[in-house]
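The values are calculated or read from the model by the stated rules, or taken from the named source; none is laboratory data. Note that the coordinates shown come from a computational prediction; the quantities given were computed from them, not determined experimentally. Neighbour counts run over all protein chains shown; Cβ positions are idealised from the backbone, glycine included.
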Ligand code: DNO
């Protein structure tokens, strides 16, 4: 597996110089962040990002994410224009030698939490999701804004978009995803690029908006409907694993051969539909990352993997979930497991 690390570009307080000192680190997961969702990514911007990373002896191996325009998710009449742009971005990424693109299909809001700095018993803090708190929140009030959210909307536009989704069934949203894939996957095939859909985080509907990349049945369905090796998934342990009903090894089995990228982190279930993020250790969270990595290894996964969110430890401040220290510990933990698995089979 290719151990990789997410880097938010020149504005990231975590530098490439820091990242290259993590043992076993080879890949960088990044994006051209200042291009509005739906616009074509110019080749020279991608090349520049790639060069900056290469100068530190690292490799830009995954783009996370190329955002899908909201009108595509909504199935609006204007969606084809955005889909054409998406195809062009795939072509440009391919020209720059990028082979893996992560994206998501969550209506309006990317990953959602109720608290960004919830204290853990050891005095560190981490991201937490409490269903009751989220249920009482109005995302239009501005009382909660999260780092993963697209804040470029005016409140009025956001209200209209949210209203349009209220009447959309999960089946319809899935159809909109399939429509998108039927258009872009042939281009990904031509360009030798793997698309890897990120699950919805958390994997259930929030704020009355439908969500579909949530469980084994839906993953199987979308992989079968557009049955190409280039149509794959990002297997995110913490997103699928937030729901205790999701059997993670079962999802890996269902998606085997189509898992193109892995996000590894742990969560502790703290009530119905509520969880807090922990260190990667199986002693701290509810997920058994050793068993999950074993399963990924068994199904032949050898692609990019990154430690996902970390806690804030040792007084570090910064982008919630994306500090240096705990993610570096996570990478070391994961590498220990992976080395053991791969050495056994002589890889
Ligand atoms: C959160 C991330 C997500 C992810 C996107 C992929 O930390 O895992 O924001 O990047 O959903 O499109």
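If you check residue 272 against the conditions, is it away from the ligand (no atom under 13 Å from the Cβ), touching a helix residue (DSSP H, G or I) at 6+ places or on another chain (Cβ under 8 Å) and under 23 Å from residue 206 (Cα atoms)? The answer is yes for residue 272. The single condition from (1) away from the ligand (no atom under 16 Å from the Cβ); (2) closer than 30 Å to residue 311 by Cα; (3) modelled with pLDDT under 90 that residue 124 fails is (3).
In segment 324-336, of all residues being more than 16 Å from the ligand (Cβ to nearest atom) and in contact (Cβ under 8 Å) with a residue 60 or more places away in the chain, the one that is nearest to the chain's Cα centre (by Cα) corresponds to 328. Looking across segment 37-59, the residues that are assigned to a loop (DSSP other than H, G, I, E, B) and either touching a strand residue (DSSP E or B) at 6+ places or on another chain (Cβ under 9 Å) or over 27 Å from residue 82 (Cα atoms) (or both) come down to 41, 55, 56, 57, 58. Flag: residue 223 matches the condition of being more than 16 Å from the ligand (Cβ to nearest atom) and either surrounded by 15 or more Cβ atoms within 10 Å (Cβ to Cβ) or closer than 18 Å to residue 6 by Cβ (or both). Regarding residue 321, is this residue within 16 Å of the ligand (Cβ to nearest atom) and either touching a helix residue (DSSP H, G or I) at 6+ places or on another chain (Cβ under 6 Å) or assigned to a helix (DSSP H, G or I) (or both)? Criteria not met by residue 321.
In the condition set (1) within 16 Å of the ligand (Cβ to nearest atom); (2) without any contact (Cβ under 8 Å) to a residue 60 or more places away in the chain; (3) part of a loop (DSSP other than H, G, I, E, B), residue 140 is compliant with all but (1).
Number of residues in segment 91-108 that are away from the ligand (no atom under 15 Å from the Cβ) and either at pLDDT below 95 or assigned to a helix (DSSP H, G or I) (or both): the value is 4. Note on segment 1-36: residues that are outside any helix (DSSP H, G or I) and out of contact with any helix residue (DSSP H, G or I) (no Cβ under 7 Å at 6 or more places or on another chain) total 21. Close contacts from segment 298-319, counting a first residue that is over 18 Å from residue 7 (Cβ atoms) and modelled with pLDDT under 95 and a second that is more than 16 Å from the ligand (Cβ to nearest atom) and not in a loop (DSSP other than H, G, I, E, B), with Cβ to Cβ under 6 Å and a gap of 6+ residues or different chains, come to none at all. Taken together, the residues in segment 121-136 that are part of a loop (DSSP other than H, G, I, E, B) and under 21 Å from residue 238 (Cβ atoms) amount to 4.
Per this entry, residue 118 is counted among residues that are crowded, with 17+ Cβ neighbours inside 10 Å and outside any helix (DSSP H, G or I).
Among all positions in segment 194-216, there is at least one residue which is in contact (Cβ under 8 Å) with a residue 24 or more places away in the chain, more than 17 Å from residue 106 (Cα to Cα) and within 15 Å of the ligand (Cβ to nearest atom).
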